[in-house]
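Here's the structure we're looking at; comments come further down.
The values are calculated or read from the model by the stated rules, or taken from the named source; none is laboratory data. Owing to the predicted nature of the structure, the values given are computational and were not obtained by experimental measurement. When we count neighbours, we look across all protein chains shown, and the Cβ atoms used for this are built from the backbone with ideal geometry, even at glycine.
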């Protein structure tokens with residue numbers, strides 16, 4: 001599922017353990033009870049992830065260089081994964097836009113992600 005556009009998808013109760021979600025767009029995705037144990041979610045986009053408080057993670061779950069606008073999501077992930085596997089912490093939409101542009105994110109996708117992010121301008 002690397003590079004998949006899963007924007008707004010319902011992944012609740014899905015077993016993605018040891019899966020590869022590199023560079024996937026998981027923005028607004030429902031993650032309730034999703035098993036991401038050992039999953040590689042590096043460089044993915046997690047803007048406004050939904051219902052993540054019950055996802056299953058472990059020390060092998062990897063969110064390195066993932067983009068996330070929810071500090072509470074990052075704190076949740078940090079309870080299970082080592083610091084080097086945590087997403088990038090963003091402070092505002094300008095920073096989010098610059099990172100997404102560097103990733104050559106499609107313009108339509110870029111605008112959608114910026115619109116849903118609750119980061120300050």
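At-a-glance table
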item	result
Listing of helices (runs of 4 or more DSSP H) fully contained in segment 31-121 that carry 3 or more residues being buried (at least 16 other Cβ atoms within 10 Å of the Cβ) and either at positive phi or at pLDDT 80 or above (or both)	71-78, 93-102
Number of the condition not met by residue 44 [criteria: (1) without any contact (Cβ under 8 Å) to a residue 60 or more places away in the chain; (2) over 15 Å from residue 26 (Cβ atoms)]	(2)
